[in-house]
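J.: First the structure, then my questions, so here it is.
The values are calculated or read from the model by the stated rules, or taken from the named source; none is laboratory data. Note that the coordinates shown come from a computational prediction; the quantities given were computed from them, not determined experimentally. Heads up, the Cβs are rebuilt from the backbone with ideal geometry, glycines too, and the neighbour counts pull from every protein chain shown.
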Amino acid sequence: MKRKYIQGIGFSGLFLCMFSTLFFLGLIIYFITVRGAGVISWDFLTQAPRSGMTQGGVAPAIIGTLYITLGAILFSLPLGLACAIYLCEYSPKGFIVNIIRMSINNLAGVPSVVFGLFGLAVFVKLFGFGISILSGSLTLGILALPLIISSAQEALLAVPQSIREASLSLGATKWETIKRIVLPAALPGILTGVILSIGRVAGETAPILFTAAAFYMRGYPKSIFSEVMALPYHIYALMTEGIHPEQQRAIAYGCSLILLFIVLFISGIAIFIRQRQRAEYG
Amino acid sequence: MDKNIKMKAQDINFFYGKHQALKNVNIDIYANQVTALIGPSGCGKSTFIRLFNRMNELIPHTTLKGTVSLDDTDINAPSIDPVQIRRRVGMVFQKPNPFPKSIFENISYGLKVNGIKDPDFIEEKVVKSLKRAALWEEAKDRLNDSAFKLSGGQQQRLCIARCLAVESEVILFDEPCASLDPVSTAKIEELILELKKDYTIVIVTHNMQQAARVADYTGFFLLGELIEFGKTQDIFTAPKDKRTEAYITGRFG
Amino acid sequence: MERHFDAELKDLNNDILKIGTLAQEAIYKSIESLKDRDKDRAKTVIEDDKKIDELELVIDEKCLDLIARHQPMAKDLRFITTGMKLNNELERIADIAVDIAQRVFELADKPLLKPLVDIPRLTTIAQDMVKTAIDAFIKGDIELARRVLLADPEADKLRNSIQKELVEEYMVKDGSASPRAVQLLLIARFLERICDHATNIAEDIIYMVKAQVVRHHPERLKG
């Protein structure tokens, strides 16, 4: 009887935790929606800002975020995937692999503002790319790298050894096995990792602070070497540098809502893919 | 012996790191015969069979001393490509391991990695292999379905069809029926007896009655050594070594 | 650790010994009834044979059962199949004892044809061969089995000489003696057949112990 009582307390405690998590998420969504929904309109999403950021839309920022995010993924995906393949399939197990894994984990722990400074020093100044989409993408790419490597590794390790053996025993080389069997099987997992990285990267502010973002640009970026507006930075800028706080605050919340929506939407896709994968392969 | 020797293992000593798993094993595998390897768990028979298609190389820190030959050629010679050996010596594993692809693609995979591109030829081969593996009737209407939709016994026959498609000369079976029900087991044993007309077969099994039913020759392994090897009927009616007799009469342990 | 299977094998072993003992007793009783011209004793031999027949069926079924359920191998397999054969041989020996006992009814009321010398000798040989064969089975002793096989030629010779004597001395010379002579002839043949069955048993035992087939291949005995 007493054990049942204790179990009841335990379950209640767990339920409380779950509930509070949902509660905070709900609270965030509520606040931002309430304050930002009023600004959202078709014009808001498709037009450039006017009149000192008090009217018009935030389209350039949306576009900018898209460009930088895409660039980051284009850089980090091939590199991260190759790294994961090497670590999982080719490297001799043991000391070296553990060192590499530890380094990757440490990289993931670097604060994002440090990434920003790194990007500034190396890409903007040293390589001379200046404040640009390129610098921003590369910086964010490095930030995304550990995420992609981890999820790719996990996906590759989840592929059962038995089908690798089956492929090799039919006379396939190791690379053929990876290319034709392992990668396709790991694809859903890798994809999930990529999508989650996108979500993360899209919302980062500090790394693009010094490397890519501009508060205001006339028109849209012409090349990868040009500066760009971005949603996270736009929110920051509106709240700290704006001249017309009341209207700009509302716009900032509107941007937050858009950003939130993008991130949640992308997470949703990742979850959906994962569910489907689980259903098919059990 | 008038029979041809298809594969030979001579003076095999095999090590996992420092631990010796096989001691001075010598076996002749005769062409178009079924050779069974029996013995208690951990006696080295699975390790041994994997020498025939160089699958043990994939495990780190292993050492092989001695010669394994296919048609009188040393398969471990530096000039030999293991990939080629594995095409000629196929393997069916303990747990069926079809690729996460369709039934058709599972079989065509082996052909594609061996450079065959002609789609008509591939289709013909797939059909032929499925027929030979006694799976055609059950699979012909769902070639594009996922291989995982097949039952365990059917999946195992699919794995056999895979080997048949690449035209291995030798097929190694590593406890192929361990995870199957008796009806599927019987079908696979029947298949093995059929296949031996065209292939050389080596089967590892912990089920003695299975060895008695399908094998022409049987080898008894114990603690990494080959204790006795001979015609199946001799081994099972009048074994020469007391340890063999103790094992096959079930008085082991 | 004795397994259930070993207990069942022991059980089978005892059953075979039992039928062997019954067969030996049947021979003994039938010969005694002949010597003493005891019709009642002869009758008991004939009636007791039913028990032996039943036992044969029981043993046969036990053997089949063991094979079906346990899939025995090697020496267990040889033991069980030899057991089946011994079972049949011993039952037939018992049947021959019945045949001998039935001669009593033909001969009891008539005077003895001649003092019996050779027939008792043949009887002793036959009984010895059967006993030694069963001993060989109990002990798994090949030497004893060989002894049985080596004794057979003498039994054949003895039967032939009995036959010759009965035909030439009695049937040809004195027609009225024929009916009795024929009975004695039959008895000699019966006894010789018992010897043959004993040799079959001995050959089966050699196979059981050594996995060597010597039936129809006497030259292999040397090995």
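J.: Within region B:138-165, track down each residue that is more than 15 Å from the chain's Cα centre (by Cα) and within 23 Å of B:R87 (Cβ to Cβ).
T.: Correct list: B:A147, B:Q155, B:A165.
J.: Further, regarding this structure: Look at C:E165 and say whether it is more than 14 Å from chain B (Cβ to nearest Cβ), under 24 Å from C:R37 (Cβ atoms) and either surrounded by fewer than 20 Cβ atoms within 10 Å (Cβ to Cβ) or of a type in the set (K, R) (or both).
T.: yes
J.: Which is part of a helix (DSSP H, G or I), over 30 Å from B:E245 (Cβ atoms) and within 13 Å of the chain's Cα centre (by Cα), of C:D156, C:D196?
T.: C:D196
J.: So A:E89 passes all but one of these: (1) within 14 Å of chain B (Cβ to nearest Cβ); (2) free of Cβ contacts under 8 Å to residues at least 40 places away in the same chain; (3) not aliphatic (A, V, I, L, M). Which condition number does it fail?
T.: So the condition that A:E89 fails would be (2).
J.: Here's something else I'd like to know. Can you tell me which residues in region B:176-220 are under 21 Å from B:K8 (Cα atoms) and of a type in the set (D, E, K, R)?
T.: B:K196, B:K197, B:D198, B:D216
J.: State all residues of region C:54-80 that are within 13 Å of chain B (Cβ to nearest Cβ) and assigned to a helix (DSSP H, G or I); if no residue qualifies, say none.
T.: If the condition is that a residue be within 13 Å of chain B (Cβ to nearest Cβ) and assigned to a helix (DSSP H, G or I), then C:L66, C:I67, C:A68, C:R69, C:H70, C:A74, C:K75, C:D76, C:L77, C:R78, C:F79, C:I80 are the ones that fit.
J.: From the residues in region B:75-84 that are under 19 Å from the mean Cα position of the chain (by Cα) and surrounded by fewer than 21 Cβ atoms within 10 Å (Cβ to Cβ), which one is nearest to the other protein chains (Cβ to nearest Cβ)?
T.: Within region B:75-84, the match that is nearest to the other protein chains (Cβ to nearest Cβ) is B:V83.
J.: From the list A:I163, A:I181, A:I198, A:I208, which residue is in the same structural domain as A:F123 (by TED's automatic domain parsing), closer than 18 Å to A:A82 by Cβ and outside any loop (DSSP other than H, G, I, E, B)?
T.: A:I181
J.: Can I ask one more? Looking only at residues that are surrounded by fewer than 15 Cβ atoms within 10 Å (Cβ to Cβ) and more than 13 Å from chain B (Cβ to nearest Cβ) in region C:1-16, which one is farthest from the chain's Cα centre (by Cα)?
T.: Among them, the one singled out is C:A7.
J.: Determine if region B:143-157 includes at least one residue that is closer than 18 Å to B:E194 by Cβ and of a type outside the set (S, T, N, Q).
T.: yes
J.: Take the residues in region B:192-236 that are among the polar types (S, T, N, Q) and surrounded by fewer than 18 Cβ atoms within 10 Å (Cβ to Cβ), then tell me which one is nearest to the other protein chains (Cβ to nearest Cβ).
T.: Step by step, filter region B:192-236, then rank; the result is B:Q209.
J.: Okay, next question. Among the listed residues C:E106, C:E91, identify the single one that is under 30 Å from C:Y207 (Cβ atoms), assigned to a helix (DSSP H, G or I) and among the acidic types (D, E).
T.: Every option except C:E91 fails the conditions.
J.: Would you confirm whether or not region A:15-32 contains a residue that is surrounded by 16 or more Cβ atoms within 10 Å (Cβ to Cβ), under 27 Å from A:L196 (Cβ atoms) and assigned by TED's automatic domain parsing to the domain that holds A:I262?
T.: no
J.: Looking at (1) free of Cβ contacts under 8 Å to residues at least 12 places away in the same chain; (2) more than 14 Å from chain B (Cβ to nearest Cβ), which is the only condition A:G94 fails?
T.: Failing condition for A:G94: (2).
J.: Given the criterion at pLDDT below 90, away from chain B (no Cβ under 14 Å), in a helix (DSSP H, G or I) and more than 20 Å from the chain's Cα centre (by Cα), identify the matching residue among A:I99, A:I131.
T.: So the residue among A:I99, A:I131 that is at pLDDT below 90, away from chain B (no Cβ under 14 Å), in a helix (DSSP H, G or I) and more than 20 Å from the chain's Cα centre (by Cα) is A:I99.
J.: How do the pairs read when you match residues in region B:58-77 that are assigned to a loop (DSSP other than H, G, I, E, B) with residues anywhere that are exposed (fewer than 12 other Cβ atoms within 10 Å of the Cβ), using Cβ under 6 Å and keeping only pairs 6 or more apart or on different chains?
T.: Every condition considered, the pairs that remain are B:H61/B:G17.
J.: Moving to a separate point now. Do the conditions hold for B:I107, that is, is it under 15 Å from the mean Cα position of the chain (by Cα), among the β-branched types (V, I, T) and either closer than 30 Å to C:M73 by Cβ or part of a helix (DSSP H, G or I) (or both)?
T.: Against the criterion (under 15 Å from the mean Cα position of the chain (by Cα), among the β-branched types (V, I, T) and either closer than 30 Å to C:M73 by Cβ or part of a helix (DSSP H, G or I) (or both)), B:I107 does not qualify.
J.: Testing C:K131 on (1) buried (at least 22 other Cβ atoms within 10 Å of the Cβ); (2) closer than 13 Å to C:Q24 by Cβ, one condition comes back false. Which one is that?
T.: (1)
J.: Out of region A:157-182, which residues are surrounded by 20 or more Cβ atoms within 10 Å (Cβ to Cβ) and more than 14 Å from chain B (Cβ to nearest Cβ)?
T.: Correct list: empty.
J.: With the requirement that a residue be part of a helix (DSSP H, G or I) and either exposed (fewer than 15 other Cβ atoms within 10 Å of the Cβ) or aliphatic (A, V, I, L, M) (or both), what does region B:149-159 give you?
T.: Matches in region B:149-159: B:K149, B:G152, B:L158.
Rundown of residues vs (1) modelled with pLDDT of 95 or more; (2) away from chain A (no Cβ under 14 Å), yes/no style:
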{"position": "B:V113", "(1), (2)": "no, no"}
{"position": "B:A133", "(1), (2)": "no, yes"}
{"position": "B:K140", "(1), (2)": "no, yes"}
{"position": "B:S168", "(1), (2)": "no, no"}
{"position": "B:I171", "(1), (2)": "yes, no"}
{"position": "B:C177", "(1), (2)": "no, yes"}
{"position": "B:K187", "(1), (2)": "no, yes"}
{"position": "B:E190", "(1), (2)": "no, yes"}
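J.: Further, regarding this structure: Can you find even one residue in region B:55-71 that is more than 8 Å from every other protein chain (Cβ to nearest Cβ), under 30 Å from B:A212 (Cβ atoms) and touching a Pro at 6+ places or on another chain (Cβ under 8 Å)?
T.: For region B:55-71, residues more than 8 Å from every other protein chain (Cβ to nearest Cβ), under 30 Å from B:A212 (Cβ atoms) and touching a Pro at 6+ places or on another chain (Cβ under 8 Å): absent.
J.: Would you mind telling me which numbered condition in (1) farther than 25 Å from C:I31 by Cβ; (2) surrounded by 15 or more Cβ atoms within 10 Å (Cβ to Cβ) C:Q183 fails?
T.: Only one criterion is unmet by C:Q183, namely (1).
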